[in-house]
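The values are calculated or read from the model by the stated rules, or taken from the named source; none is laboratory data. On a predicted model such as this, the values are computed, not experimentally measured, just so you know. Neighbour counts run over all protein chains shown; Cβ positions are idealised from the backbone, glycine included. Just so you know, the surface numbers come from the protein's heavy atoms only, side chains and all, with ligands and any DNA or RNA stripped out. Shrake-Rupley method; radii C 1.70, N 1.55, O 1.52, S 1.80 Å.
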Amino acid sequence: MDGRKKALPVGIEFFRDFKWKDYYYVDKTALIAEFLRTKGAVNLFTRPRRFGKSLNMDMFQSFFEVGADASLFDGLDICRETELCERHMGKYPVISLSLKDVEGGDFETAYDSLGMLISEEATRFAFLRESDKLQEEDKRKLSRLIAGDFEKPAFLYGSLRLLSRLLCDHYGSRAVILIDEYDVPMDKAYRDGYYTEMVKLMRSFLSQALKTNKSLDFAVLTGCLRIARESIFTGLNNFNVFSVSDSDCAAYFGFTDGEVREMLRYYGVEERFPDMKEWYDGYHFGDVDVYCPWDVIVQCRKLRSSKDAPMESHWENSSSNSIVRDILNDATEVTKGEIEALISGEAVEKEIIPELTYTDLDSEDAGVRQTYLWSVLYATGYLTDTKKPEGRLHRLVIPNREVRKIYEDRIRSWFRMKVTGDTKRWECFCRAVKTGDVQTVQELFGAFLSESISIRDTAVKKEKKENFYHGMFLGLLRAEGSWIVKSNAETGMGYSDILLMVPQERIGCIIEVKYAENGAFDSALREAMEQIETHEYTELLRREGMETIHKYGLACCRKTCRLAYEKE
């Protein structure tokens with residue numbers, strides 16, 4: 001590692017740190033200029049998680065807030081906009097909140113966490129209690145905000161409106177309100193069962209701050225979803241939305257091809273650009289194609305340590321990915337076919353609802369639930385569109401290899417739970433594998449596949465298709481619990497797909513998985529069995545004392561499988 005290079009900003013959300021701590025920065029400050037030319041009174045940016053929303057919000061605060069440090073922007077794109085900087089830099093009192101931690105197992109806990117957040121922000125302005133521009137009653141109200149005295153809900157509802165008025169009175173300039181991750185409290189409330197109470201709270205809280213507030217110059221909110229106005233934005237006029245479908249400001253959330261190439265070049269790992277593109281590119285925002293910046297930064301740090309480091313999933317590990325689970329649980333036969341098309345690299349056309357309510361997920365109308373789920377998958381980055389949408393109709397695809405892996409992992413998990421839930425059939429399957437009853441293994445695994453989701457013969461590479469079925473078979477064996485099951489274990493002269501040992505019975509199995517392109521099962525099975533012999537995969541089983549060894553070649557195509565078998 002070259003210690004003279006700038007550090008990579010993994011997890012850095014404070015704009016000032018890029019200057020003060022010398023982190024590598026992909027210049028997104030031109031967002032400020034484009035935003036000022038297109039903004040409304042209240043502005044909402046919706047983007048998937050890990051696409052730089054929080055950092056851009058802190059950049060806004062660093063630029064607009066009274067006392068702004070102009071040196072933070074030296075040499076950056078925004079400095080070319082001299083007139084704009086003179087008019088806006090450091091000209092506004094700014095209220096800044098992140099609602100990402102407003103949560104709790106019940107409504108009371110979430111209410112208190114919002115109150116603590118308001119108290120912390122009000123404490124930044126404790127100096128207003130000495131202002132000669134404020135009335136004594138206003139100073140007492142500020143002290144209540146600082147103390148977190150929100151026993152009466154009306155005081156919490158009006159807290160941002162009050163704070164913006166106090167700042168406006170003191171500075172003689174209307175305030176800016178920045179609210180990051182505004183939709184997180186609703187998401188967590190829905191998951192924990194107090195959604196109705198949280199909607200009421202957020203509607204009153206945001207309405208008083210953002211609607212006909214004479215002390216507000218403009219507000220910016222960010223989130224993953226655009227919650228319907230009837231839920232929390234009732235009556236807001238001049239409400240300006242920058243969604244993943246809009247071209248305005250599209251290039252400033254995520255990294256472009258050129259920005260990724262430049263970062264890799266700076267760290268001397270430009271030869272890994274094709275891998276970066278396959279794994280993390282593919283998102284289409286407005287008319288711009290972008291990479292997930294979190295993935296690029298984390299993976300670049302790994303490549304900086306080792307140029308040969310394998311590509312890994314990073315975005316998927318920062319969330320539960322429960323939305324993919326939800327659509328699988330709610331899947332009809334039609335939906336299963338659409339998911340098969342997606343993981344095979346094809347597109348599906350879907351109507352997308354721009355404004356969402358969480359209650360749609362509980363609708364008794366299956367069509368409403370499905371439209372909601374597809375819309376959330378699109379808004380949260382699990383799907384992207386391939387072209388400019390035609391009205392509400394979008395041509396959706398999985399953006400990249402990392403996100404495809406999320407689907408495949410969740411499909412395998414869903415498949416395993418579905419199959420093992422039928423205890424009698426699953427136990428019969430495991431017993432057949434252990435005893436070498438190849439006909440039963442083939443019949444049962446084929447039956448399981450026919451009820452599940454497969455991969456089509458399309459552009460997906462053969463090895464990825466093999467990995468998909470490999471994972472499904474492996475999951476069923478691992479669910480048994482008492483067996484030793486290894487994946488890609490080093491055996492003999494190579495790595496076997498699946499190695500199974502039942503030590504108490506001295507039984508071992510080798511399973512080599514192949515994808516039968518265009519239904520060519522015979523050649524796929526010959527290749528599998530020859531590989532077992534040529535690479536001496538059974539050697540490890542013999543060394544471990546297995547007395548009975550079963551060798552399986554498994555060939556799959558769509559929802560059909562064939563097995564070849566030999567016994568030692």
Residue count, the stretch 377-430, condition in a loop (DSSP other than H, G, I, E, B), more than 15 Å from residue 245 (Cβ to Cβ) and of a type outside the set (Val, Ile, Thr), comes to 3
Going by the structure shown, is residue 159 small (Gly, Ala, Ser), in contact with a strand residue (DSSP E or B) (Cβ under 6 Å, 6 or more places away or on another chain) and open to solvent by less than 60 Å² (accessible area, probe 1.4 Å)? no
Search result, residues across the stretch 438-465 that are part of a helix (DSSP H, G or I), open to solvent by less than 60 Å² (accessible area, probe 1.4 Å) and under 16 Å from residue 340 (Cβ atoms): 448, 449, 464, 465
Those residues of the stretch 483-500 which are in contact with a helix residue (DSSP H, G or I) (Cβ under 8 Å, 6 or more places away or on another chain) and either among the β-branched types (Val, Ile, Thr) or modelled with pLDDT of 90 or more (or both), in sequence order: 483, 484, 485, 487, 491, 496, 497, 498, 499, 500
When the stretch 249-307 is checked residue by residue, the ones that are aromatic (Phe, Trp, Tyr), part of a helix (DSSP H, G or I) and touching a strand residue (DSSP E or B) at 6+ places or on another chain (Cβ under 8 Å) are 280
If you scan the stretch 466-486, which residues turn out to be open to solvent by 40 Å² or more (accessible area, probe 1.4 Å) and closer than 23 Å to residue 530 by Cβ? 467, 486
Residue check, residue 266 against (1) under 20 Å from the mean Cα position of the chain (by Cα); (2) open to solvent by 30 Å² or more (accessible area, probe 1.4 Å); (3) not hydrophobic (A, V, I, L, M, F, W, C), all met but one. Which one? (1)
Just wondering, is there one or more residues in the stretch 168-186 that are hydroxyl-bearing (Ser, Thr, Tyr) and assigned to a loop (DSSP other than H, G, I, E, B)? yes
Only residues that are open to solvent by less than 50 Å² (accessible area, probe 1.4 Å) and in a helix (DSSP H, G or I): list them for the stretch 145-156, please. 145, 146, 155, 156
Quick one: in the stretch 546-568, of everything that is of a type outside the set (A, V, I, L, M, F, W, C) and out of contact with any Lys or Arg (no Cβ under 8 Å at 6 or more places or on another chain), which residue is least open to solvent (accessible area, probe 1.4 Å)? 552
Looking only at the stretch 119-132, decide whether some residue is among the acidic types (Asp, Glu) and more than 30 Å from residue 48 (Cβ to Cβ). yes
Can residue 121 be described as within 21 Å of residue 66 (Cβ to Cβ) and part of a helix (DSSP H, G or I)? yes
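From 543, 506, which residue is surrounded by fewer than 17 Cβ atoms within 10 Å (Cβ to Cβ), at pLDDT below 95 and more than 21 Å from residue 464 (Cα to Cα)?
543
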Being within 18 Å of residue 413 (Cα to Cα), of a type in the set (A, V, I, L, M) and under 30 Å from the mean Cα position of the chain (by Cα) is the filter here, so list the residues in the stretch 433-459 that pass it. 449, 453, 455
Please work out if residue 217 is at pLDDT 95 or above and open to solvent by less than 50 Å² (accessible area, probe 1.4 Å). yes
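Okay, residues lined up against (1) among the hydroxyl-bearing types (Ser, Thr, Tyr); (2) over 30 Å from residue 130 (Cβ atoms):
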position: 179; (1), (2): no, no
position: 188; (1), (2): no, yes
position: 194; (1), (2): yes, yes
position: 198; (1), (2): no, yes
position: 201; (1), (2): no, yes
position: 205; (1), (2): no, no
position: 213; (1), (2): no, no
Kindly provide the set of residues from the stretch 100-135 that are under 13 Å from residue 156 (Cα atoms), in contact (Cβ under 8 Å) with a residue 40 or more places away in the chain and open to solvent by 30 Å² or more (accessible area, probe 1.4 Å), ordered by number. 111
Residue 197: open to solvent by 30 Å² or more (accessible area, probe 1.4 Å) and free of Cβ contacts under 8 Å to residues at least 40 places away in the same chain, yes or no? no
Exactly one of 212, 123 is on the phi > 0 side of the Ramachandran plot and not aromatic (Phe, Trp, Tyr), and that residue is 212
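One line per residue, one yes/no per condition, for (1) assigned to a strand (DSSP E or B); (2) more than 22 Å from the chain's Cα centre (by Cα); (3) within 21 Å of residue 174 (Cα to Cα):
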residue: 12; (1), (2), (3): no, no, no
residue: 31; (1), (2), (3): no, yes, no
residue: 37; (1), (2), (3): no, yes, yes
residue: 40; (1), (2), (3): no, yes, yes
residue: 51; (1), (2), (3): no, no, no
Mind listing whichever residues of the stretch 377-397 are open to solvent by 10 Å² or more (accessible area, probe 1.4 Å) and among the aliphatic types (A, V, I, L, M)? 379, 393, 397
Enumeration of residues in the stretch 170-194 that are open to solvent by 50 Å² or more (accessible area, probe 1.4 Å), more than 26 Å from the chain's Cα centre (by Cα) and touching a residue at least 40 places away in the same chain (Cβ under 8 Å): 171, 174
Residues that are at pLDDT 95 or above, among the acidic types (Asp, Glu), farther than 27 Å from residue 178 by Cα and over 22 Å from the mean Cα position of the chain (by Cα): does the stretch 280-292 have at least one? no
